[in-house]
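Undergrad: This is the structure, below, for whatever I ask next.
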Amino acid sequence: QVQLVESGGGLVQAGGSLRLSCAASGRTYSAYAMGWFRQAPGKGRDFVAHINWSGGNTYYADSVKGRFTISRDNAKKTVYLQMNSLKPEDTAVYYCAARSGIGSRSDYEYNYWGQGTQVTVSS
């Protein structure tokens, strides 16, 4: 079992930055790939980024590539999403998720989810 708690969301102006954190509990956290997804109002949940268990392999959605960076600190059982050059279209609830094995862009392949943190980017 893995429990996930996101934090770091908030209101920011376009062009600004935020860093989201996802704290995990559970003995086998380091064995899980971690992903970030987001859901804007009235829309489905979209893939943002994922990272493998060691942190050596990352993958990003085209919409955030070059602006967002996913990383993890297994000693702290935390995964991060550094978001730079934010745009109003980045406004969404951001969720972190965990799955055994390799990372995936498909939300249905993740077993564990956090409660989400709201990110609002004003123009």
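Undergrad: Hey, any hits in the stretch 111-122 for a residue that's over 20 Å from Gly8 (Cα atoms) and at pLDDT below 95?
TA: Looking through the stretch 111-122, at least one residue is over 20 Å from Gly8 (Cα atoms) and at pLDDT below 95.
Undergrad: Can you tell me which of (1) surrounded by fewer than 14 Cβ atoms within 10 Å (Cβ to Cβ); (2) more than 24 Å from Ser122 (Cβ to Cβ) is the one Asn74 doesn't meet?
TA: Among (1) surrounded by fewer than 14 Cβ atoms within 10 Å (Cβ to Cβ); (2) more than 24 Å from Ser122 (Cβ to Cβ), the lone unmet condition for Asn74 is (1).
Undergrad: Can you name the residue in the stretch 18-55 that is within 14 Å of Gln118 (Cα to Cα) and not in a strand (DSSP E or B) and is also least open to solvent (accessible area, probe 1.4 Å) among such residues? Give the derivation first.
TA: Taking the stretch 18-55 and keeping what is within 14 Å of Gln118 (Cα to Cα), we get 18-22, 36-41, 45.
With not in a strand (DSSP E or B) added as a condition, the list becomes 40-41.
Values: Ala40: 27, Pro41: 112 Å².
The extreme case among them is Ala40.
Undergrad: With the checklist (1) at pLDDT below 95; (2) in contact with a Phe, Trp or Tyr (Cβ under 9 Å, 6 or more places away or on another chain) in hand, flag the one item Arg38 doesn't pass.
TA: (1)
Undergrad: When Val64 is evaluated against the numbered criteria (1) at pLDDT 95 or above; (2) open to solvent by less than 50 Å² (accessible area, probe 1.4 Å); (3) more than 16 Å from Asp46 (Cα to Cα), which criterion, by number, is the only one it fails?
TA: (3) is the only condition that Val64 fails.
Undergrad: If you don't mind, another one. Right, Val79: open to solvent by less than 60 Å² (accessible area, probe 1.4 Å), in contact with a Leu (Cβ under 7 Å, 6 or more places away or on another chain) and not polar (S, T, N, Q) or not?
TA: In short, no.
Undergrad: May I ask you to verify whether Gln118 is open to solvent by 70 Å² or more (accessible area, probe 1.4 Å) and under 14 Å from the mean Cα position of the chain (by Cα)?
TA: Yes, satisfied.
Undergrad: Another one. Please go through the stretch 1-17 and give me each residue that is open to solvent by less than 30 Å² (accessible area, probe 1.4 Å) and not in a loop (DSSP other than H, G, I, E, B), ordered by number.
TA: Within the stretch 1-17, the first condition is being open to solvent by less than 30 Å² (accessible area, probe 1.4 Å), and the residues that meet it are 2, 4, 6, 10, 12, 16.
Leu4, Glu6, Gly10, Val12 - these are the residues of the stretch 1-17 that are open to solvent by less than 30 Å² (accessible area, probe 1.4 Å) and not in a loop (DSSP other than H, G, I, E, B).
The values are calculated or read from the model by the stated rules, or taken from the named source; none is laboratory data. Everything quoted here is computed from the prediction, not taken from an experiment. In this analysis, Cβ positions are derived from the backbone assuming ideal geometry, glycine residues included, and neighbour counts consider all displayed protein chains. We work out accessible area using only protein heavy atoms, side chains counted, and drop any ligands, DNA or RNA first. Shrake-Rupley method; radii C 1.70, N 1.55, O 1.52, S 1.80 Å.
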